[in-house]
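Since the structure comes first, as structure tokens, the remarks are kept for the end.
The values are calculated or read from the model by the stated rules, or taken from the named source; none is laboratory data. The model shown is predicted, which means the values in this text are computed figures rather than measured ones. Every residue, glycine as well, gets a Cβ built from its backbone with ideal geometry; the counts of neighbours run over all protein chains shown.
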Amino acid sequence: MVKTVFSIGLSTGENLVIKKNRLEGEGLQGKGRRVAIVSGIHGDELEGQYVCYEVIRRVKEKPEYLEGILDVYPALNPIGITVADRMIPKLEKDLNRMFPGSGQGAAFERAAAAIIQDLEGASLCIDVHASSRFVKEIPQVRICEEFADKLIPYARHMNVDMVWTNATETVHESTLAHSMNVKGVPTLVVEMGLGMRINRSYGKQVVDGIFSLLYEMGIWKKEPHGIQYPVLSTDGEVEFIRAECSGMFIPAIEHSHFVKRGDKIGEIITPIEGRTEKEIIAGKDGLVFTLREYPMVSKGALLARILTDIRPKRTREEE
Amino acid sequence: MFAEDIYTLSLPYREDMAIKGYRFGKGEQSACIVGPMRGNGVQQMYICAKLVKALKELEAKGCICSGKEIMVIPVVNSYSMNIGMRFFGVEAADISRQFPGREWGDTAERIAAAVFNRIKDYSFGIQLTSFHTAGDSVPHIRMIENGYQNASLANLFGLPFVVVRKPRPIDTKTLNYNWQNRKTAAFSLYTNSNEAVDEESAKQSEAAILRFLTRMGMIRYESHSGYISHVLTQEDLTDVNTMCGGIFRRKARVGHEVRYGDAMAEIIDPYKGNAKETILAPTDGIVFFAHSESLIAEGDVAYQLVHRLHE
């Protein structure tokens, strides 16, 4: 059942409305373990739209498998999504830097407070992001070191390629995930794909992972198959590769591939001179889990991230 | 006056962005004044430019005190200023939230690191900054309460108010916070304008900074004594929120006193033209901040009042 979580009046004949879809097992009547899936905090990150759709579709297809409550919030920043704006339009503020919000504050501070209030008491929260428009990411869970011991056991079942502990930005103190973790609701941040795009394959992989986790929690009755366990960033080391000059970055490799030390990752060119400014070479062996998609770069721009010294992934069956 | 390039960034199809600093006097690094890091801080850049002019004239007259060096950086983000963007680069990074920066970080972090490394050892730091929310405010000095703030020093600017507030997580990435952490006495100066030049307020801000530099023994300059500042905490400010959205018709003016129950503004229905709401003053006080745009949403902060303070 679709419910309104928060509503507030905009200036000209429209309300800002944040909605969720509540799906619950037969006979629960609001009582039972609850898992929340949220998305769309950043309006230009659309991967979560497919995830929300597919989760709801599968539950509707087999409602008898659900033994708990599933709350799905596809669009926490609904006006941002409609104009592909990462920020809150007009305010130019990042909603994911406004948590836990304030019930007495301005419109979006109230929205943040209402979201937190609605999520409180959940057994688990999964916050689905996409990458920015500039770099492509493999499906991964990002968690803050502070909560790693509690979150890694959940993250292992998410069928993602990697769990990145101590990643910055999305685990910042003013984020939804941090606020919920502080309140005792284990919250995983999922990142994948590219901004303003939907990658069906990545979405399906993460949805499989969500149902695998629901199964482990006793909320979904159907046992999953073919679920892979992720590599952990703490097993290796994340190497950042940044542009050391400005120009256009032309990748020489595919995203989500292993490279060896000395492999060419790409080059930065100056089109008007017909000149290669810099060849980008891998310094270590590893998995390229982040690769720049938007070609224009200035000095310091992120080109790639490589997870080095990692073990091969194992499936659930192999474990 | 000595001009130096603090950081230069080359960009495809555009000329290099050079962050310029102007130094006056020789000796210990005494005071550094930093202009806007967002591309809409025109008023802040204008005030810095006026300071460069004033300090150049004072230096020519031998009025920079011996052994003191003053630096002015009129604008950090000229890249965005020239194209009417608020934030930096294709990734729209907010440079003002990147401090202390990282030399090997992304572009905005490198800019912040270069600026911070150059200015971190000044004894006094003054940043001309603006509210994130569109609105007008009484000119004031703002300080973050992190144990190193000194409201008595802020008083020496002679502006009507000094606001001390507790830091939020996001403040840890500001220049002011990082300056204070390194024992620089740091002040953020807010004027009542941002994107447009307001001559009167620019003159007041320029005078306040010159007054401060005089009182701290860095320049010789005769000026009016200014105000004995009223020191506030964030809790002394009362938010006045709207009950509905619409066209905002402002009545109460920034800096003016209102009495409990006074009509401060009306919210006009954008379809029918009737007043949907009359915003009444919830307390006696002075208008510290006022929403400045013509449209307003439900729950937005229309005003902030200095609770129970009279003119």
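The table below gives the values:
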{"quantity": "Residue list for the stretch A:276-295, filter: within 12 Å of chain B (Cβ to nearest Cβ) and out of contact with any strand residue (DSSP E or B) (no Cβ under 6 Å at 6 or more places or on another chain)", "calculated": "A:294"}
{"quantity": "Strands (runs of 3 or more DSSP E) completely within the stretch A:124-226 that count 2 or more residues being of a type outside the set (D, E, K, R) and within 20 Å of residue A:305 (Cα to Cα)", "calculated": "A:135-143, A:162-165, A:187-193"}
{"quantity": "Of all residues making up the stretch B:244-280, the number that are under 28 Å from residue B:139 (Cα atoms), in a loop (DSSP other than H, G, I, E, B) and out of contact with any Ser or Thr (no Cβ under 6 Å at 6 or more places or on another chain)", "calculated": "9"}
{"quantity": "In the stretch B:1-56, residue nearest to residue B:195 (Cα to Cα) [restricted to those that are surrounded by 22 or more Cβ atoms within 10 Å (Cβ to Cβ) and aromatic (Phe, Trp, Tyr)]", "calculated": "B:46"}
{"quantity": "Matching residues in the stretch B:1-40 - criterion: being touching a Leu at 6+ places or on another chain (Cβ under 7 Å) and within 14 Å of another protein chain (Cβ to nearest Cβ)", "calculated": "B:16, B:17"}
{"quantity": "Meets criteria (within 24 Å of residue A:109 (Cβ to Cβ) and not aliphatic (A, V, I, L, M)) for residue B:285", "calculated": "yes"}
{"quantity": "Residue identified as within 14 Å of chain B (Cβ to nearest Cβ), within 30 Å of residue B:107 (Cβ to Cβ) and in contact with a Pro (Cβ under 9 Å, 6 or more places away or on another chain) among A:133, A:97", "calculated": "A:97"}
{"quantity": "One residue from A:55, A:17 being more than 30 Å from residue A:90 (Cβ to Cβ) and either in the same structural domain as residue A:122 (by TED's automatic domain parsing) or in contact with a strand residue (DSSP E or B) (Cβ under 6 Å, 6 or more places away or on another chain) (or both)", "calculated": "A:55"}
{"quantity": "Lone qualifier among B:154, B:114, B:108 - being away from every other protein chain (no Cβ under 14 Å) and part of a helix (DSSP H, G or I)", "calculated": "B:154"}
{"quantity": "Single residue of the stretch A:218-252 satisfying the filter (away from every other protein chain (no Cβ under 14 Å) and among the aliphatic types (A, V, I, L, M)) that is nearest to residue B:111 (Cα to Cα)", "calculated": "A:252"}
{"quantity": "Test result for residue A:227, crowded, with 21+ Cβ neighbours inside 10 Å and more than 26 Å from the chain's Cα centre (by Cα)", "calculated": "no"}
{"quantity": "Cβ-Cβ under 9 Å pairs, at least 6 apart or on other chains, the stretch B:90-115 side of a type in the set (Phe, Trp, Tyr), far side assigned to a loop (DSSP other than H, G, I, E, B)", "calculated": "B:99/B:174; B:104/A:300"}
{"quantity": "Selected residue (criterion: modelled with the highest pLDDT) from residues of the stretch B:135-153 that are over 18 Å from residue B:202 (Cα atoms) and within 14 Å of the chain's Cα centre (by Cα)", "calculated": "B:143"}
{"quantity": "In the stretch B:214-244, the residues that are within 22 Å of the chain's Cα centre (by Cα), farther than 17 Å from residue B:307 by Cβ and exposed (fewer than 13 other Cβ atoms within 10 Å of the Cβ)", "calculated": "B:224, B:225, B:228"}
{"quantity": "Qualifying residues in the stretch B:63-89 (those that are without any contact (Cβ under 8 Å) to a residue 60 or more places away in the chain and charged (D, E, K, R)) - the one farthest from the other protein chains (Cβ to nearest Cβ)", "calculated": "B:69"}
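Per-residue answers, yes or no, for (1) away from chain A (no Cβ under 14 Å); (2) in a loop (DSSP other than H, G, I, E, B); (3) aromatic (Phe, Trp, Tyr); (4) free of Cβ contacts under 8 Å to residues at least 60 places away in the same chain:
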residue: B:122; (1), (2), (3), (4): yes, yes, yes, no
residue: B:132; (1), (2), (3), (4): no, yes, no, yes
residue: B:141; (1), (2), (3), (4): yes, no, no, no
residue: B:148; (1), (2), (3), (4): yes, yes, yes, yes
residue: B:162; (1), (2), (3), (4): yes, no, no, no
residue: B:183; (1), (2), (3), (4): yes, yes, no, yes
residue: B:206; (1), (2), (3), (4): yes, no, no, no
residue: B:209; (1), (2), (3), (4): yes, no, no, no
residue: B:225; (1), (2), (3), (4): yes, yes, no, no
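Quick grid of which residues meet (1) closer than 21 Å to residue A:51 by Cα; (2) within 14 Å of chain B (Cβ to nearest Cβ); (3) of a type in the set (D, E, K, R):
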residue: A:144; (1), (2), (3): no, yes, no
residue: A:147; (1), (2), (3): no, no, no
residue: A:157; (1), (2), (3): yes, no, no
residue: A:160; (1), (2), (3): yes, no, no
residue: A:163; (1), (2), (3): yes, no, no
residue: A:184; (1), (2), (3): no, no, no
residue: A:189; (1), (2), (3): yes, no, no
residue: A:195; (1), (2), (3): yes, yes, no
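Yes or no, residue by residue, for (1) among the acidic types (Asp, Glu); (2) closer than 18 Å to residue A:73 by Cα; (3) surrounded by fewer than 21 Cβ atoms within 10 Å (Cβ to Cβ):
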| residue | (1), (2), (3) |
| --- | --- |
| A:102 | no, no, yes |
| A:112 | no, yes, no |
| A:116 | no, yes, yes |
| A:130 | no, yes, no |
| A:148 | no, no, yes |
| A:152 | no, no, yes |
| A:164 | no, no, no |
